[in-house]
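Student: Below is a structure I'd like to ask you about.
The values are calculated or read from the model by the stated rules, or taken from the named source; none is laboratory data. Note that the structure is a prediction, hence the values are computed from the model and not measured. Here Cβ is always computed from backbone atoms with ideal geometry, including for glycine, and neighbour counts include all displayed protein chains. These accessible areas exclude ligands, DNA and RNA; they are computed on the full protein's heavy atoms, side chains included. Shrake-Rupley method; radii C 1.70, N 1.55, O 1.52, S 1.80 Å.
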Amino acid sequence: MTNSKSEEHFDDWRKKIDSSSQKDADFLSYFDTSGSVEEAFCQGYWDFAHHILKDDLLPLIGEPFNCSALEIGFGGGRLLNASSRFFNHVYGVDIHENFDKVSEFLASRDVENFTLLKGDGKTIPLEDNSVDFIYSFIVLQHLPTIDILESYLHEVKRILKPGKAACLYIGHLPFNLHGIKYLDINTRKVDTTRENTLLLRPQTTKKLLKKAELHLVASGRPRKKPWRQDLGAQHYVIVTA
Ligand SMILES: C[S@@+](CC[C@H](N)C(=O)[O-])C[C@H]1O[C@@H](n2cnc3c(N)ncnc32)[C@H](O)[C@@H]1O
């Protein structure tokens, strides 16, 4: 896929997020369906506790009150709100243009220990070896190409302090049709932001992690929501740099 196609894909995200920004509840529901502002932030606590703070991860974090965390693709800030309570400082990177709204949500919830970073969709504007923990949830499945996922894995390796950990959710390809290892927007020809545009078999994810020199600690396929029975469209990996 050409760079300009990927740029169009990012622009689609920006426009759709901006067009949902008139009402707070609609804005938050755009990123993960919820019935109200309070419900969105409540689900943020559940998702952060259940999907990100995995037992395999906890011994790798260090003393969280002295640690920083970074979210790739923070959306409306529902997970940043949760992570800000656990960590000393939280960073979020995203490509959309409604950062003021997210800052207002967080400030109205008495969150001050955060920094929002404007990303180009492929790289992260933070120094080498500067962050203690990185997480990403329902974002990497929306990337337009596998190359961009590889770029983010490289960034995770670069930015994490040596030996520190990340918990990353990646679009899950549940079947193996004629040896297909992954599907990206090229092969699916979809054009909507809320569709899953990048799905990988877990084996393919493992190969990419190795290439990025990230060490796999644990992986799995979680339920979509803690209180539901059905599986989500992602698998997760816990890795160290
Ligand atoms: C479904 S929302 C999830 C937001 C948040 N992680 C959550 O769980 O509430 C996906 C977010 O990923 C962002 N996003 C999409 N492509 C991205 C990219 N290439 N780099 C960074 N963020 C991206 C979108 O702007 C959007 O905010």
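Student: Could you tell me which residue of segment 30-54 is nearest to PHE99 (Cα to Cα), considering only residues that are among the aliphatic types (A, V, I, L, M) and open to solvent by 20 Å² or more (accessible area, probe 1.4 Å)? Break it down stepwise before answering.
Tutor: Just the residues of segment 30-54 that are among the aliphatic types (A, V, I, L, M), to begin with: 37, 40, 49, 52-53.
Subsequent filtering for residues that are open to solvent by 20 Å² or more (accessible area, probe 1.4 Å) retains 37, 49, 53.
Numbers: VAL37: 17, ALA49: 24, LEU53: 25 Å.
Per the stated criteria, the residue is VAL37.
Student: Okay, next question. List pairs: first in segment 1-28 and more than 10 Å from the ligand (Cβ to nearest atom), second β-branched (Val, Ile, Thr), Cβ under 6 Å, 6+ apart or cross-chain?
Tutor: Filtered contacts from segment 1-28: MET1/THR145; ASP24/VAL37; ALA25/VAL37.
Student: List the residue pairs whose Cβ atoms are under 7 Å apart, where the first residue sits in segment 79-96 and is over 15 Å from LEU117 (Cβ atoms), the second is open to solvent by 10 Å² or more (accessible area, probe 1.4 Å) and assigned to a helix (DSSP H, G or I), and the two are 6 or more positions apart or on different chains.
Tutor: Short answer, once both residue conditions are applied: ALA82/TYR45; PHE86/PRO64; PHE87/PRO64; ASN88/PHE65; ASN88/ASN66.
Student: How many residues does segment 108-130 contain that are out of contact with any Pro (no Cβ under 9 Å at 6 or more places or on another chain) and open to solvent by 60 Å² or more (accessible area, probe 1.4 Å)?
Tutor: 7
Student: A further question on this structure: Show the residue pairs meeting these rules: Cβ distance below 6 Å; 6+ apart or different chains; first residue within segment 150-165 and farther than 14 Å from THR123 by Cα and among the small types (Gly, Ala, Ser); second residue part of a helix (DSSP H, G or I) and open to solvent by 10 Å² or more (accessible area, probe 1.4 Å).
Tutor: Here the result reads ALA165/LEU60, each pair linking segment 150-165 to a residue that is part of a helix (DSSP H, G or I) and open to solvent by 10 Å² or more (accessible area, probe 1.4 Å).
Student: Could you tell me whether VAL90 is β-branched (Val, Ile, Thr), more than 15 Å from the ligand (Cβ to nearest atom) and either open to solvent by less than 10 Å² (accessible area, probe 1.4 Å) or at pLDDT 95 or above (or both)? Break it down stepwise before answering.
Tutor: Details: β-branched (Val, Ile, Thr): yes; more than 15 Å from the ligand (Cβ to nearest atom): no; either open to solvent by less than 10 Å² (accessible area, probe 1.4 Å) or at pLDDT 95 or above (or both): yes.
No.
Student: If I go through segment 156-171 residue by residue, how many of them are outside any strand (DSSP E or B) and either under 18 Å from LEU79 (Cβ atoms) or open to solvent by less than 10 Å² (accessible area, probe 1.4 Å) (or both)?
Tutor: 2
Student: Within segment 115-142, how many residues are under 23 Å from ALA40 (Cα atoms) and either within 14 Å of the ligand (Cβ to nearest atom) or part of a loop (DSSP other than H, G, I, E, B) (or both)?
Tutor: Matching residues across segment 115-142 total 12.
Student: Also, quick follow-up: If the requirement is being open to solvent by less than 80 Å² (accessible area, probe 1.4 Å) and more than 13 Å from LYS225 (Cβ to Cβ), which of these qualifies: PHE27, PHE65? Working first, answer last.
Tutor: Values: PHE65 fails: open to solvent by less than 80 Å² (accessible area, probe 1.4 Å).
Among PHE27, PHE65, only PHE27 is open to solvent by less than 80 Å² (accessible area, probe 1.4 Å) and more than 13 Å from LYS225 (Cβ to Cβ).
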